[in-house]
Amino acid sequence: MICQKIKIQNFRNVASCEVEFSPHVNLLYGDNAQGKTNLLEAVYYTALGKSFRPAKEAELIRHDCDAATVENTFSDSIREQTLSVQTFGGKAKRIVKHNGVKIDKLSDMMGIFRVVLFCPEHLSLIQGGPDLRRSYMNVALSQLKPAYLRSLQRYNHLIKERNALLKTAVDQRAVFEATEPMWSEQLAKEAAYLTLKRYEYIKAINEQVRIIFSAMMGKYEGGDEVPEISYLPTLGMEWMKREGFETSLEGLTEEMALERYRHLLSAHHDREIATGGTLYGIHRDDVKITLNGRPARLYASQGQQRSLALAMKLAEGWVSAKECDGEMPVFLFDDVLSELDVHRREYLVSEMTGRQVIMTACDPDAADFGMSQVRHIKVERGTYEIK
Ligand SMILES: Nc1ncnc2c1ncn2[C@@H]1O[C@H](COP(=O)(O)OP(=O)(O)OP(=O)(O)O)[C@@H](O)[C@H]1O
Ligand SMILES: [Mg+2]
């Protein structure tokens with residue numbers, strides 16, 4: 001997949017621009033606060049219909065303007081296409097068009113244009129909280145399977161409803177017991193589907209991460225350590241042991257997960273009412289990351305953790321391509337080059353050959369470590385000039 005051109009109007013600090021990208025490496029460089037990340041954000045916005053920064057939609061619109069528009073012209077191996085998003089400041093007030101035809105639901109735009117974003121926050125994928133790792137799965141899977149996003153949206157809605165019901169149960173237990181089964185049954189169905197999709201995805205990621213990590217770390221002390229990325233649902237350790245899933249979820253079916261969630265959602269009401277929230281389900285999942293069997297969070301060196309995070313991000317691209325007839329997504333690297341040492345950069349260069357990368361850095365020389373065919377784009381106060 002190649003992003004050929006981005007056309008923007010009143011998005012962030014960009015009044016109006018049209019930027020043509022090279023199908024190879026594109027380096028957006030310039031001082032702080034000029035609009036480098038804003039352009040990456042605009043590209044990402046046409047892939048996922050939302051920002052990767054914790055922004056309210058209205059904040060994407062240039063100050064004192066009514067609407068922001070981003071139009072992405074891109075191509076895959078078959079044809080040239082366009083995706084445009086115009087926002088007036090809210091999900092309900094957004095117009096998405098694919099090749100000029102309106103798309104009504106967010107889930108219907110997923111996967112049309114795919115990206116892999118790697119930003120400084122992702123360096124905490126190993127050390128940070130589980131919400132980062134859940135988001136890693138959600139962003140990748142939503143782009144691969146629109147049905148995943150639709151299920152996740154239903155799940156999030158159901159969780160809100162069930163949690164609200166749990167809060168009223170303190171005073172109205174009978175009403176709660178009468179209403180809860182209906183919500184829990186729907187919730188268990190979505191949870192079972194999402195659990196299986198996450199499990200399959202992390203299994204594919206694990207295979208790729210092992211290959212990438214070993215190639216990347218080959219030259220280092222500790223480079224022969226073997227990573228293992230595994231999916232950690234809230235099905236309960238004892239149950240997993242009993243069912244033979246102690247070391248691997250191989251063989252888990254959606255029906256088994258459904259039965260288990262049905263049980264978990266019905267058996268812990270007292271505790272759930274006391275805490276005021278649903279205790280079991282995919283909103284509490286995690287991804288376990290180990291090196292030679294030990295938690296990477298506790299034992300891996302800083303460098304190994306960075307390599308693992310980078311490997312997980314690259315693996316996201318590889319798995320995405322595998323699932324989509326070999327068509328690679330576009331890689332967006334925001335400010336991460338300066339965080340990587342020379343060996344990891346060199347590895348990145350070798351891996352990015354033949355793929356499209358759009359990256360940001362302050363320094364115009366940031367890509368001068370072996371990257372060829374680099375298009376330098378100078379960013380200044382929301383304007384973009386090819387050098
Ligand atoms: N809605 C908006 N309207 C106008 N300007 C905005 C809006 N949102 C953000 N900005 C401005 O955009 C600029 C930040 O742009 P961006 O995050 O792309 O910077 P950057 O070039 O990536 O900088 P850094 O090197 O620090 O990461 C800031 O000056 C900010 O005030
Ligand atoms: Mg930035």
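The table that follows gives values for the structure above.
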| read-out | value |
| --- | --- |
| Acute angle (nearest 10 degrees) that the helix 130-144 long axis makes with the longest principal axis of the chain, alpha-carbon atoms | 70 |
| Length added when fully stretched, residue 53-residue 18, from 0.36 nm per residue minus Cα-Cα | 10.4 nm |
| Global form of the range 16-137, assessed from the alpha-carbon gyration tensor, a/c cut-off 1.5 | rounded |
| Computed [θ] at 222 nm, helices only, for the chain once each DSSP H run of length n ≥ 4 contributes -39500 (n - 2.57) | -13500 deg cm²/dmol |
| Exposed GluC sites (Glu not before Pro) absent: longest stretch of the chain, with sites in DSSP loops and at most 12 other Cβ within 10 Å deemed exposed | 1-220 |
| Amide H contacts under 5 Å for residue 21, placed H, 5+ residues apart | 5, 6 |
| The chain - charge dipole about Cα centre, Lys and Arg +1 at Cβ, Asp and Glu -1, debye rounded to 20 | 660 |
| Residue order, fewest to most beta carbons within 10 Å, for 22, 301 | 301, 22 |
| All-pairs Cα distance distribution in the range 129-323, expressed in whole percent, bin size 10 Å | 8, 32, 31, 19, 7, 2, 0 |
| Spin-label pair residue 301/residue 253, simplified geometry with 7 Å Cα→Cβ offset, distance in nm | 4.7 |
| Among 300, 215, 147: highest mean-square fluctuation, GNM of the chain, C-alpha pairs under 10 Å | 215 |
| Cα gyration tensor category, rounded, prolate or oblate, for the chain with a/c compared to 1.5 | oblate |
| Difference of contour (0.36 nm per residue) and Cα-Cα distance, residue 172 to residue 153 | 4.0 nm |
| Rounded to the nearest 20 debye, dipole of the range 158-283 from Cβ charges on Lys, Arg, Asp, Glu | 280 |
| Compactness of the range 257-356 as Cα Rg over 2.2 N^0.38 Å, two decimals | 1.57 |
| Those trypsin sites (Lys or Arg not before Pro) in the range 335-364 that DSSP places in a loop and that have at most 15 other beta carbons within 10 Å | none |
| Cross-link partners of residue 197 among lysines (Cα-Cα below 23 Å; sequence separation of 8 or more within a chain) | 50, 105, 145, 160, 189, 241, 288, 313, 322 |
| Shape call, the range 180-278: gyration tensor on alpha carbons, a/c limit 1.5 | prolate |
| Most mobile of 324, 119, 17 in a GNM of the chain (Cα contacts under 10 Å) | 324 |
| Given charges at Cβ of Lys, Arg, Asp, Glu: the range 152-266 dipole, positive-most of 233, 214, 178 | 178 |
| Of 38, 319, 157, farthest towards positive along the dipole that unit charges on Lys, Arg, Asp, Glu beta carbons give the chain | 157 |
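Just so you know, all these numbers are worked out from the coordinates, no wet-lab data involved. These figures come from a predicted structure and were not determined experimentally. Glycine gets a Cβ as well: all are built from the backbone with ideal geometry, and neighbour counts include every protein chain shown.
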